[in-house]
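I have placed the structure first, in the form of structure tokens, so that the comments after it can refer back to it.
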Amino acid sequence: MSFFAISGTIENISNDWFAPIDTVFSHLVNVIEPIVLFEIGGIPLIVLWVLGGGIFLTLRVKFINIWGFKHALDVLRGKYDNHEEEGDVSHFQAMATALSATVGLGNIAGVAIAIELGGTGAVFWMTLAGVLGMSTKFVECTLGQKYRLTKPDGAIAGGPMYYLSQGLAARGLPKLGRGLAAMFAALCVGAALGGGNMFQANQSFAAVATVIPALENYSWLYGLLLTLMVALVIVGGISRIGTVASKLIPAMLAIYIACCLWIIATHAGDLPHAIAKIVTEAFVPQAVGGGFVGILVQGIRRSIFSNGAGSGSAAIAHSAAKTPEPIRQGILAILEPFIDTVLICNLTAIAIVITQVYGSSDPASINGIELTAAAFGSAVSWFPFVLTGVVFLFAFSTIVSWSYYGEQCWVYLFNPNSAIAFKILFLSCLFLGSVANVGAVLNFSDMMLLLMTIPNLIGCFLLSGEVSADLKDYFNTLQWEKTIALSPEKAPKTKARI
């Protein structure tokens with residue numbers, strides 16, 4: 001039997017086997033979606049929830065997303081690294097792991113679809129959501145570090161499950177905390193298996209097959225190779241995941257940014273017009289409506305999937321960092337939405353707008369990857385092949401990081417001995433995502449990602465006061481240490497809270 005025949009047989013069996021499951025999830029989506037996307041004044045309530053959370057937390061921590069940026073860069077470049085401190089990975093490896101779970105197809109396809117649906121002004125509102133998300137990331141990643149646990153074998157466990165259960169218990173709300181923690185963990189497992197796994201495999205194969213049509217009938221082979229590659233990484237746990245992410249992320253970001261900058265450079269004369277178009281159309285009534293639709297579809301609904309602010313998933317990775325200072329790791333985390341949304345998404349958007357490839361065909365007949373590939377191809381004929389390689393790396397790194405998120409939540413719900421069961425389930429879903437039609441499951445996982453913001457942000461709101469107080473103490477201590485180093489005789493004898 002030929003490879004072609006094997007491929008067709010496997011794909012048909014997979015789709016036939018998976019069809020009843022997809023039907024069940026389709027019914028679940030039909031029940032959940034109207035609730036999750038319930039609208040007030042034409043804006044989904046979940047959008048107001050996430051944006052409102054970003055505004056509240058930004059005010060609560062006094063715009064740490066702006067004035068903490070320089071300190072975040074100092075932490076990133078290793079100024080405060082100490083490998084002897086408790087934890088599993090370095091500051092940078094923790095951020096790379098979290099960033100690898102966020103930088104992905106949403107930055108490439110999501111931006112394009114937002115422009116198709118909401119016009120170029122959608123990019124402005126997407127950027128604003130990303131800036132607010134920097135504060136949200138700070139709070140949730142600080143709490144992840146503060147309430148992490150050290151297991152008997154020395155491994156670190158942390159994330160919303162722990163700051164919801166322990167943090168709220170400390171505030172006299174143990175039952176609420178346990179309930180929200182269990183809710184978050186269950187939703188995160190669903191999101192990990194779907195959006196962080198099957199969606200990535202499904203869409204990355206579609207991107208590869210578009211550029212290399214000869215592979216179109218070999219989804220099973222692609223799925224098998226991808227599953228084996230992921231398995232080799234995730235069996236090593238967070239240490240290996242962090243190592244791989246710290247190598248992959250800088251490389252693939254550098255390649256993608258270089259391509260975008262080349263496209264922009266070759267159309268430099270049109271750059272001011274493209275930027276002006278993005279800004280001015282954001283405030284035209286029709287464009288504003290489109291902008292919010294873009295945020296809903298690929299900004300909030302996909303932005304949570306992309307930069308993760310509000311979902312709490314990144315706190316799981318940051319909790320494993322080697323540092324005694326939760327605030328320090330939280331400040332580092334503000335760079336993620338900046339890199340993911342403010343930088344990468346805007347470069348993608350400008351490349352699309354400046355090449356004027358959007359609106360050149362029926363939006364129903366072109367997907368986001370194809371639109372971005374068209375922008376790349378307009379500059380250099382072989383750039384779409386580079387884009388395909390980047391898409392694969394984005395998908396691979398996202399899958400690897402979400403395997404860790406899902407595993408930690410699975411272990412929280414069950415027990416450490418069940419981790420191998422989750423890995424087997426995760427890898428099985430990964431293969432299915434490559435070869436089967438999993439549309440309803442992907443829509444269901446979208447709902448999980450949105451719903452994760454509910455328990456997580458409740459915890460962030462209730463615990464934001466202590467984060468604000470810890471932030472004051474942290475910078476007071478830094479100032480005290482700096483004074484001691486420069487002028488010991490001028491330093492106060494105590495580090496009173498400022």
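The values are calculated or read from the model by the stated rules, or taken from the named source; none is laboratory data. The model shown is predicted, which means the values in this text are computed figures rather than measured ones. Every residue, glycine among them, receives a Cβ derived from its backbone with ideal geometry; neighbour counts consider all protein chains shown. For the accessible areas, the whole protein counts, side chains as well, though only heavy atoms, and no ligand, DNA or RNA atoms are used. Shrake-Rupley method; radii C 1.70, N 1.55, O 1.52, S 1.80 Å.
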Just one listed residue, out of Ile300, Ile334, is of a type in the set (Val, Ile, Thr), at pLDDT below 85 and buried (at least 24 other Cβ atoms within 10 Å of the Cβ), and it is Ile300
Quick check on my filter: what residues within region 221-240 are on the phi < 0 side of the Ramachandran plot and at pLDDT below 75? Gly236, Ile238, Ser239, Arg240
For region 112-129, check the following and say yes or no: at least one residue is under 29 Å from Ile369 (Cα atoms) and among the acidic types (Asp, Glu). yes
Among what's in region 406-449 and is outside any helix (DSSP H, G or I) and open to solvent by 60 Å² or more (accessible area, probe 1.4 Å), pick the residue that is modelled with the lowest pLDDT. Asn437
With the first residue restricted to region 33-56 and required to be closer than 18 Å to Met134 by Cα, and the second required to be in a helix (DSSP H, G or I) and open to solvent by 20 Å² or more (accessible area, probe 1.4 Å), Cβ contacts under 8 Å at 6 or more apart or on different chains are Val47/Phe292; Val47/Leu296; Trp49/Ile454; Leu51/Leu132; Gly53/Phe461; Gly54/Leu132; Ile55/Leu132; Phe56/Phe461
List every residue pair whose Cβ atoms lie under 7 Å apart, where the two residues are 6 or more positions apart in sequence or sit on different chains, the first residue falls within region 405-432 and is closer than 16 Å to Lys151 by Cβ, and the second residue, located anywhere, is among the hydroxyl-bearing types (Ser, Thr, Tyr). Trp410/Ser418; Val411/Ser418
Residues that are farther than 20 Å from Pro326 by Cβ and either at pLDDT 85 or above or in contact with a Phe, Trp or Tyr (Cβ under 9 Å, 6 or more places away or on another chain) (or both): does region 82-99 have at least one? no
If a residue has to be of a type outside the set (A, V, I, L, M, F, W, C) and open to solvent by less than 20 Å² (accessible area, probe 1.4 Å) to count, how many in region 199-226 make the cut? 4
Whether any residue in region 350-365 is open to solvent by 10 Å² or more (accessible area, probe 1.4 Å) and of a type in the set (D, E, K, R) is what I want to check. yes
Which of the residues belonging to region 152-177 are in a helix (DSSP H, G or I) and crowded, with 18+ Cβ neighbours inside 10 Å? Pro160, Met161, Tyr162, Tyr163, Leu164, Ser165, Gln166, Gly167, Leu168, Leu176, Gly177
